[in-house]
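Okay, structure first, notes after.
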Amino acid sequence: MMVLTKPAIEHFPIVKNSCKATSFFNDVPVIDLSKPDSRNLIVKACEEFGFFKVINHDVPMEFISKLESEAIKFFSSPLSEKLKAGPADPFGYANKQVGQNGDIGWVEYILLSTNSEFSYHKFASISGVNPETIRSAVNDYVSAVKKMSCEILEMLAEGLKIHPKNVFSKLLMDEKSDSVFRLNQYPPCPEIEEFSGKNMIGFGEHTDPQIISVLRSNNTSGLQILLKNDHWISVPPDPTSFFINVGDSLQVMTNGRFKSLKHRVLTNSVKSRLSMIYFGGPPLTEKIAPLPSLMEGKDSLYKEFTWCEYKKSAYKTRLADNRLIHFEKIAAS
């Protein structure tokens, strides 16, 4: 676990709390995947929030618990051991540094490729950590979450009356899908209590560039979303459910009908927060553009681009930047 020193705390981003930011937002759309009307509710949630919670999913709790156990075992190792699984280039272990452009946060993480050929050799030299056990736990979890993600994307297509219904899901199912998986650990930060009425940033505000993001965390709060009224609001934790984010690519494919949601994570002064995020991405060569069936005579808001082009552009930006601005079509004056 990371050790925080008082001189170092000043280098981390801190935000002032408001009563709105510290209260829980209890109106997060909840989608019961077992109900027949879920497809229309998903569309509505993507239009209004770009964010929703799913319950009655088919991801076994056994897979969730197994992976959480392995993640806790890894993150509980001494820093000198964990560093053997780094640096994140882009895959592997890293801490405090978020991306390559100066963003920092009170977080440590493992970024993994979901490619079946991904090598876990970086974990082999860490005492008490078995790379094959981690591989098995990640593969079981990701396979189940990917299946759920594809079901959600097909419900979305049906709700939008798009044919074929796999127009989104086929991008995740493609063997060349550029999907990634991230395990984040936000250690407790008791020193933040010295900054009355303020919170330290664990992971700064951003949108996700992929098609869809699937988040699961333990029972520790910290996740906040930015509502349309520009107020940050805290999301109540729910370790048995999943939170779904619309990604930038899905925003483009729906010509702005769905919006990718800005979100961030604040540190907790007492408890550690562990999150697992599956980022469902298309193949690198896939062309991203508004779907013709959703245009309805409207002009395209975005230029066509490949996922590779967007990914390269996104990784050159700071977290809080509007990455899509470089791909928007400028309306004729």
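The values are calculated or read from the model by the stated rules, or taken from the named source; none is laboratory data. These figures come from a predicted structure and were not determined experimentally. Heads up, the Cβs are rebuilt from the backbone with ideal geometry, glycines too, and the neighbour counts pull from every protein chain shown. Calculation scope for accessible area: heavy atoms of the full protein, side chains included, ligands and nucleic acids excluded. Shrake-Rupley method; radii C 1.70, N 1.55, O 1.52, S 1.80 Å.
Within the set (1) 5, 26, 35, 25, 8, 1, 0; (2) 5, 24, 31, 21, 13, 5, 1, 0; (3) 5, 19, 25, 20, 17, 10, 3, 1, 0, the number that P(r) over Cα pairs in 10 Å bins from 0, in percent takes when calculated for this structure is listed as (1). If only the Cβ of Lys and Arg carry +1 and only the Cβ of Asp and Glu carry -1, the dipole of the stretch 146-247 around its Cα centre is close to 400 debye. Taking every protein chain into account, the accessible area of the stretch 110-190 amounts to 43 square angstrom per residue (probe 1.4 Å). Heavy-atom accessible area for Asp37, with the other protein chains in place and a 1.4 Å probe, reaches approximately 80 Å². For the chain, the 222 nm mean residue ellipticity estimated from helices alone, with every DSSP H stretch of n ≥ 4 adding -39500 (n - 2.57) and the total spread over all residues, rounds to -7500 deg cm²/dmol.
Between Pro78, Pro237, Pro188, which gets the highest mean-square fluctuation from a Gaussian network model of the chain, Cα cutoff 10 Å? Highest fluctuation among the options: Pro78. Among beta bridges identified by DSSP and lying wholly in the chain, the antiparallel ones come to about 90 percent. Here the chain exposes an accessible surface that is 53 percent carbon and sulfur, computed with a 1.4 Å probe and the other protein chains kept in place. For the cross-link pairs Lys44/Lys262; Lys73/Lys271; Lys73/Lys96; Lys66/Lys170, the ones whose C-alpha atoms lie over 22 Å apart are Lys66/Lys170. Per residue, the average separation of C-alpha pairs within less than 8 Å and at least 6 apart gives the stretch 37-182 a relative contact order of 27 percent.
For Phe305, nonlocal amide neighbours, meaning residues 5 or more places apart or on other chains whose placed amide H falls under 5 Å from its own, are Ile288. Here each label is just a point 7 Å from Cα along the line to Cβ, and for Glu81 and Ala124 those points are 1.9 nm apart. Ranking Gly281, Ile55, Ile134 by Cα position along the charge dipole of the chain, where only Lys, Arg, Asp and Glu carry charges on their C-beta atoms, puts Gly281 farthest toward the positive end.
Taking amide H as placed 1.01 Å from N in the peptide plane, the amide H of Ile55 sits under 5 Å from that of Ile31, Asp32, Leu33, each at least 5 places away or on another chain. For the stretch 132-249, the alpha carbon convex hull comes to 145 Å³ per residue, rounded to a whole number.
Each residue of the stretch 76-91 in turn: what ³J(HN,Hα) in whole Hz from Karplus with 6.51, -1.76, 1.60 and θ = phi - 60°, glycine and Pro shown as x? With coefficients 6.51, -1.76 and 1.60, one gets 7, 5, x, 4, 4, 6, 4, 4, 5, 8, x, x, 6, 10, x, 8 Hz. Summing Cβ point charges (Lys, Arg +1; Asp, Glu -1) relative to the Cα centre of the stretch 266-333 gives a dipole of roughly 400 debye.
Mind checking which of Val145, Val43, Val129 has the largest fluctuation in a GNM of the chain, springs on alpha carbons under 10 Å? Ranking Val145, Val43, Val129 by mean-square fluctuation puts Val129 first.
Charged side chains reduced to their Cβ positions (Lys and Arg at +1, Asp and Glu at -1) give the chain a dipole of some 360 debye around its Cα centre. What the phi angles of the stretch 38-50 give under the Karplus curve with 6.51, -1.76 and 1.60, with θ = phi - 60°, is a coupling list of 4, 4, 6, 5, 5, 4, 4, 5, 5, 6, 8, 10, x Hz, glycine and proline written as x. Please find, in a Gaussian network model of the chain (springs between Cα atoms separated by less than 10 Å), the residue of Phe25, Phe91, Phe63 whose mean-square fluctuation is greatest. Among Phe25, Phe91, Phe63, the largest GNM mean-square fluctuation belongs to Phe25.
Phi-derived couplings, Karplus 6.51 cos²θ - 1.76 cosθ + 1.60 at θ = phi - 60°, listed residue by residue for the stretch 52-68: 6, 10, 10, 10, 6, 8, 9, 7, x, 4, 4, 5, 5, 5, 5, 5, 4 Hz, with x used for Gly and Pro. Its convex hull of Cα atoms gives the stretch 245-330 a direction-averaged projected area, equal to a quarter of the hull surface, of 6.9 nm². When only Cα pairs below 8 angstrom with a gap of at least 6 residues are kept, the stretch 182-333 shows a relative contact order of 30 percent.
Short-range pairs are left out: with C-alpha atoms under 8 Å and at least six residues apart, the relative contact order of the chain is 21 percent.
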